[in-house]
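Below is one structure, written out as structure tokens; the observations come after it.
Quick note: the coordinates plus some simple rules give every number you see, no bench work behind them. Predicted, not measured: the structure shown is a model, and the values here were computed from it. All Cβ positions, even for glycine, are placed from backbone atoms using ideal geometry, and neighbour counts span all protein chains on display.
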Amino acid sequence: MAKPMLNEEIRRQAQEILSDMELPVEIVYFGQESGCEYCAETLQLLQEVADLSDRIHLQVHDLHNEADLAREYNMDKAPGFVLAARKGKEIVDYGIRYAGIPVGHEFTSLINDLLLVSKQDSSLSEETRQFLRGLDTPVHLQVFVTPTCAFCPRMVVLAHQFALESPLVQAEMVEALEFRELSDQYGVTGVPHISINHGLHAVIGSTPEDQLVAEIRRALSLSQQA
């Protein structure tokens, strides 16, 4: 039997936070049988998290053997998972994604995101909500992180708040060290590094909500000029 990844103190703290969950949350996990260094550990972590609340449900899938389902969820990395709301028998996908294991500081992101999806409230300012309601083109956010980055969880959750608020936004936490090729492709040299629309524009460091809106506007303007 594998040694638990969450000690009793972390379990207690997480359970206390998750006691405020409202709607059930579905974790839709994708792994693969070989060539995935952290799949086993990520799955174990998610199983332990799912045990913290009866409002958390975990689905386990194979990225390659269930390729059609992976495409349906727009998943292309392992380990990776989606956080979605469950409304009765319906699973509502808000575009909230994780690529890589959420350990270290990123465990905080996972717990906060479970609460975010469960409560169905982005808590964003009215100005930001208006901007997101006015989007007419897709926005893809990838927040590159490392487990030791204390400033990264804030940007991960902020990106996921944007995704919750708008069906045109998909936001993904990417563990930079696990996905080095992608990190190199986007020129990630420090974290948090927020890639907008697949490397078209980038935001480096922790930024406030209104600044992220401004950077998305800039990215969309660049795409129109291209």
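In whole Å, what three semi-axes, largest first, describe the equivalent ellipsoid of region 8-119 built from its Cα gyration tensor (square root of 5 times each eigenvalue)?
The answer is 22, 17, 11 Å, longest axis first.
A Stokes-Einstein calculation at 4 °C with viscosity 1.567 mPa s, built on the Kirkwood radius of region 34-77 over Cα pairs, returns a diffusion coefficient of 110 µm²/s. Summed over qualifying helices (DSSP H, 4 residues or more, each -39500 (n - 2.57)) and divided by its residue number, the chain shows a 222 nm mean residue ellipticity of -12000 deg cm²/dmol. Per residue, the convex hull around the alpha carbon atoms of the chain comes to 132 Å³. Between helix 209-225 and the chain there is an angle of about 60 degrees, using the helix long axis and the longest principal axis of the Cα atoms.
Within the same chain, lysines fewer than 8 places from LYS119 are excluded, and of the rest, those with a Cα less than 18 Å from its Cα are LYS87, LYS89.
Under 5 Å from the amide H of GLY80 lie the amide H atoms of PHE30, GLY100, each residue being 5 or more positions distant or on a separate chain, with H modelled from the backbone and absent for Pro and chain starts. In the chain, the longest principal axis of the Cα atoms and the axis of helix 8-18 are about 50 degrees apart.
Restricting attention to region 126-225, close to 55% of DSSP beta bridges with both partner residues there are antiparallel. Evaluating 6.51 cos²θ - 1.76 cosθ + 1.60 at θ = phi - 60° for every residue in region 152-160, the Karplus couplings come out as 5, x, 4, 6, 4, 5, 4, 4, 6 Hz, glycine and proline recorded as x.
What is the angle, in °, between the Cα long axis of helix 39-50 and the longest principal axis of the Cα atoms in the chain? Nearest 10 is fine, range 0 to 90. Compared with the principal axis, the helix lies near 80 degrees. With neighbours defined as other Cβ atoms within 10 Å of a residue's Cβ, the residues LEU18, LEU222 order from fewest to most as LEU222, LEU18.
Amide hydrogen proximity for GLY95: with H placed 1.01 Å from N in the peptide plane, no residue at 5 or more positions away or on another chain lies under 5 Å. Among VAL28, VAL92, VAL117, the largest mean-square fluctuation in a Gaussian network model of the chain (Cα springs under 10 Å) belongs to VAL92. Under 5 Å from the amide H of VAL25 lie the amide H atoms of ILE56, HIS57, ARG86, each residue being 5 or more positions distant or on a separate chain, with H modelled from the backbone and absent for Pro and chain starts.
The charge dipole of the chain, taken about its Cα centre with unit charges on the Cβ atoms of Lys, Arg (+1), Asp and Glu (-1) only, comes to about 360 debye. Gyration tensor over the Cα atoms of region 139-197: the corresponding equivalent ellipsoid has semi-axes (square roots of 5 times the eigenvalues, largest first) of 19, 13, 8 Å. Direction-averaged projected area, Cα convex hull, region 1-66: 5.2 nm², rounded to one decimal.
Once you reduce region 170-200 and region 98-123 to the center of their Cα atoms, the two points are 18 Å from each other.
Over region 8-119, what is the percentage of antiparallel beta bridges among all DSSP beta bridges, to the nearest 5? Expressed as a percentage, antiparallel bridges in region 8-119 total about 65. Taken along its principal axes, the alpha carbon cloud of region 126-225 reaches lengths of 35, 28, 20 Å, longest axis first.
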